[in-house]
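The values are calculated or read from the model by the stated rules, or taken from the named source; none is laboratory data. Everything quoted here is computed from the prediction, not taken from an experiment. Quick reminder, even Gly has a Cβ in these numbers, built from the backbone with ideal geometry, and neighbours come from all protein chains shown.
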Amino acid sequence: MTTDASIEQTAARIQWGRLLRTSGTLIGFLAIIVFFTINIPNTFLTVANWLNISQQVSMLAVIAFTMTIVMVMGDFDLSVGSMASLAGIIAALLFRDSQPVIVGVLVALGVGLLGGLFNGVLVSYVGIMPFVATLGTLTMFSGLAFLLSGGETIFGRDIPADFSGFARGGIPVGMVGERTLLFPNLTLIALIVLAVVWALLEQTTFGRRLYAIGGNAEAALLGGVRVRLLRLIAFMLTGFGAALGGLMYASRVASANPTQGAGLMLDAIAAVFLGMTMSEEGEPHVLGTLIGVLILGVLDNGLTQMRVDSYVREILIGAIIVAAVTSSSLAKRGR
Amino acid sequence: MRRLAVIAIVLCIVSIGFGTVAAQDAPSVAVITPYLAQPGTQFLVEGFEAAAEDKGWNVNVIDTAGDVAAVISRIEDMVNQGVDALVINVDPAQVEAGLQIAADASIPVFGMDAGSNPLLVTNVTSNGYAMAAETASYVVDRIGCAGRVVMFVFDPYPPVQKRGIIADAIFANCPDIEVIDRITPDVNDGGIADSRAQMEAVLAANPNTGSISAVWAAWDQPALGALQAIEAAGRENEGIVIVGIDANPQALDAIAAGGNFEASVAQDFSGIGAATASAVERVLAGETITQSVIYVPTVLVTNANVGDFLDN
């Protein structure tokens, strides 16, 4: 009996250690929520505000979710931000050319797939390091966006109301006073992308093989995994997600500008890294990425509502990312 | 990881203490822009903040570092927070989603050199017509209402088109002024290089001393291109008068150098900021503003006062 009890105790201790190592970021996130709830008592923890936050992070979320796919293999895609801008420009130019909304959207998404294909070929068949290959395509896509648009912002009558109205619309879910509460369309898209990426990475052979490549590409290759093809497909999916995120952005601002997606890339990578601190093996998982995205979005929303200076806000957000990754790696080293 | 959790929990406890300090009776106004890093925007915001400080407001300046969608997000956050007024410095057409949310919540939004939009109470900016009138009448006065003038215009862009139309009218009012060329330069290279090439062609077509009296440019870049062409052709001593608009740093240097580039017009950015603050004050006091645009006077910059601008 005593031996059994001590085994149980040890097992319990291991469970707790494991929980703290992997849930620290989640606990930190919940603490941030508590912090803002106390400081902004009337408006932070409301349905309207959380629907706002979900809409505000939706573009970043889509790009970060699909970025997770390549990061599972230990790769990067630095070109997602300029692909997002390029997709917006291409759709807007087609709209200006009086093409229907669906044509503009599909062509822009197709360009995302093609751009991802190009990245994938460079990384997986030519064998260039992802950092270098996608740094190159970052510049190419951005240059192309400038070339096609002539450096201008495309807005106003050129952008059809059907397209810009999408980002303002949603499914009515209730009333707050006089106003109808909408479940935003952009949030819905982000949730769909989340579900698809989760199913793909966690529930399919494709996903398991990507994790195998991330664990040890050589071993995966020897084990019969078609590493090159899978890598190519993963980069295509990331390119597609970048284009989708860019279209969501263009819809939200009812305009397209050749630089508007630029800021999304680093935030997406930061979100994936934040998520990685939640996994025992330090692997990216899309649900972790979701928490990472939410941490960034909630900090932006809460600190703005607390009227923290924008520059201080940036320093705080950066410091929290560093703190999360640092403490996670310290905890793992001390294991 | 435990450490982060502990830090966060400590923060929560500490925050209970100062959580309510910010709540005061003074009106709170948020200024939201993606362009705070640009010098013009900084003068706008400083002008606004100085005026707001005198009025005792709580001002929160939010910079989204070039991200226009984030301007919408921050408008949503500030509306949610129940500020008394919002001031934006960004093209209102791009943030209409946010403006609509502010309108639904009955929070007034003011444009500070932003652009006109029905969802804005008003937009405070400089008057493009007046700026062109300043430089065109400077030219008319300098050449005694008589001579041959080259114009650089850009009609595809409305804010610049309205400058050209005023200069046309002022030159037409002098029977002895002949506009020998009305050039629309290619602006893809920034506007200087093509303007220079076009001016070189005009100089070649009018080789005699005194055959060109003045160059009127609707903004500074073509004026700078014309100056380069005139100097390269060795015709800087013929008394050709060059004027531009905007008073950009390069133009100020050229004016200070005392050559052919004699005048430009500077927008009073800090004055626009201060005028925006008084518009906000009027609305908070219950007044209805009917002017959809409020103009702040601009300043003609010549060799006599260029020193005031170079110091900035």
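If B:G210 satisfies every condition in (1) modelled with pLDDT under 95; (2) within 27 Å of A:E152 (Cβ to Cβ) but one, which is the exception?
Single failed check for B:G210: (2).
Take the residues in the stretch A:200-232 that are in a helix (DSSP H, G or I) and among the small types (G, A, S); name whichever of them is nearest to A:T66 (Cα to Cα).
Out of the qualifying residues, it is A:G207.
Among the residues of the stretch A:262-282, which ones are in a loop (DSSP other than H, G, I, E, B) and out of contact with any Leu (no Cβ under 8 Å at 6 or more places or on another chain)?
A:A262, A:G263, A:T277, A:S279, A:E280, A:E281, A:G282
Which ranges mark the helices (runs of 4 or more DSSP H) fully within the stretch B:29-143 that have 2 or more residues being more than 8 Å from every other protein chain (Cβ to nearest Cβ) and over 30 Å from B:I212 (Cα atoms)?
B:39-55, B:68-81, B:96-104
Among the residues of the stretch B:253-275, what is the count of those that are among the hydroxyl-bearing types (S, T, Y) and more than 18 Å from B:V45 (Cβ to Cβ)?
Qualifying residue count for the region: 1.
Considering each residue of the stretch A:302-335, count those that are over 30 Å from A:E280 (Cβ atoms), in a helix (DSSP H, G or I) and out of contact with any strand residue (DSSP E or B) (no Cβ under 7 Å at 6 or more places or on another chain), and give that number.
Of the residues in that region, 7 qualify.
Which of the residues spanning the stretch A:56-77 are within 14 Å of another protein chain (Cβ to nearest Cβ) and over 16 Å from A:S142 (Cβ atoms)?
Listed by number, the residues that qualify are A:Q56, A:V57, A:S58, A:M59, A:L60, A:A61, A:V62.
Restricted to the stretch A:147-170, and to residues that are assigned to a helix (DSSP H, G or I), hydrophobic (A, V, I, L, M, F, W, C) and surrounded by 13 or more Cβ atoms within 10 Å (Cβ to Cβ), which residue is nearest to the other protein chains (Cβ to nearest Cβ)?
Per the criteria, the residue is A:A167.
Looking only at residues in the stretch A:201-253 that are without any contact (Cβ under 8 Å) to a residue 24 or more places away in the chain and hydroxyl-bearing (S, T, Y), which one is surrounded by the most Cβ atoms within 10 Å (Cβ to Cβ)?
Of everything passing the filter in the stretch A:201-253, A:T204 is surrounded by the most Cβ atoms within 10 Å (Cβ to Cβ).
For the structure I just gave you, tell me whether B:N117 is closer than 18 Å to B:A274 by Cβ and surrounded by fewer than 21 Cβ atoms within 10 Å (Cβ to Cβ).
Here the answer is no, as B:N117 does not meet what is asked.
Here is a check on your reading of the model: is A:V80 within 14 Å of chain B (Cβ to nearest Cβ), crowded, with 23+ Cβ neighbours inside 10 Å and in contact (Cβ under 8 Å) with a residue 60 or more places away in the chain?
Considered against the rule, which asks whether it is within 14 Å of chain B (Cβ to nearest Cβ), crowded, with 23+ Cβ neighbours inside 10 Å and in contact (Cβ under 8 Å) with a residue 60 or more places away in the chain, A:V80 comes out as no.
Could you list all residues from the stretch B:132-158 that are modelled with pLDDT under 95 and touching a Ser or Thr at 6+ places or on another chain (Cβ under 9 Å)?
Once the filter is applied, which keeps residues that are modelled with pLDDT under 95 and touching a Ser or Thr at 6+ places or on another chain (Cβ under 9 Å), the stretch B:132-158 yields B:V153, B:F154, B:D155, B:P156.
Residues in the stretch A:138-158 that are touching a residue at least 40 places away in the same chain (Cβ under 8 Å) and either small (G, A, S) or farther than 21 Å from A:G81 by Cβ (or both): how many?
6
Answer yes if at least one residue in the stretch B:159-173 is at pLDDT 95 or above, over 28 Å from the mean Cα position of the chain (by Cα) and either over 21 Å from B:T298 (Cα atoms) or surrounded by 16 or more Cβ atoms within 10 Å (Cβ to Cβ) (or both), and no otherwise.
yes
Matching residues to (1) closer than 24 Å to A:S251 by Cβ; (2) charged (D, E, K, R):
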residue	(1), (2)
A:E152	yes, yes
A:P160	yes, no
A:M175	no, no
A:L222	no, no
A:T238	yes, no
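Given the options A:I53, A:I89, A:I33, name the one that is of a type in the set (V, I, T), assigned to a helix (DSSP H, G or I), at the interface with chain B (Cβ under 9 Å from one of its Cβ atoms) and in contact with a helix residue (DSSP H, G or I) (Cβ under 9 Å, 6 or more places away or on another chain).
Residue meeting the stated conditions: A:I53.
From A:V123, A:V105, A:V34, A:V47, which residue is under 30 Å from A:R307 (Cβ atoms) and either in contact (Cβ under 8 Å) with a residue 12 or more places away in the chain or charged (D, E, K, R) (or both)?
One residue alone meets the criteria, A:V47.
For (1) closer than 27 Å to A:L210 by Cβ; (2) charged (D, E, K, R), each residue gets a yes or a no:
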position	(1), (2)
A:L274	yes, no
A:T277	yes, no
A:E280	yes, yes
A:P284	yes, no
A:I295	yes, no
A:G302	no, no
A:S310	no, no
A:R313	no, yes
A:I321	yes, no
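Can you tell me which of (1) surrounded by 15 or more Cβ atoms within 10 Å (Cβ to Cβ); (2) more than 14 Å from every other protein chain (Cβ to nearest Cβ); (3) under 30 Å from A:I320 (Cα atoms) is the one A:A268 doesn't meet?
Evaluating A:A268 over (1) surrounded by 15 or more Cβ atoms within 10 Å (Cβ to Cβ); (2) more than 14 Å from every other protein chain (Cβ to nearest Cβ); (3) under 30 Å from A:I320 (Cα atoms) leaves (2) as the failure.
Quick one: would you say B:V61 is crowded, with 24+ Cβ neighbours inside 10 Å and under 22 Å from the mean Cα position of the chain (by Cα)?
no
Quick check, is B:N248 within 17 Å of B:L300 (Cβ to Cβ) and polar (S, T, N, Q)?
Here the answer is yes, as B:N248 does meet what is asked.
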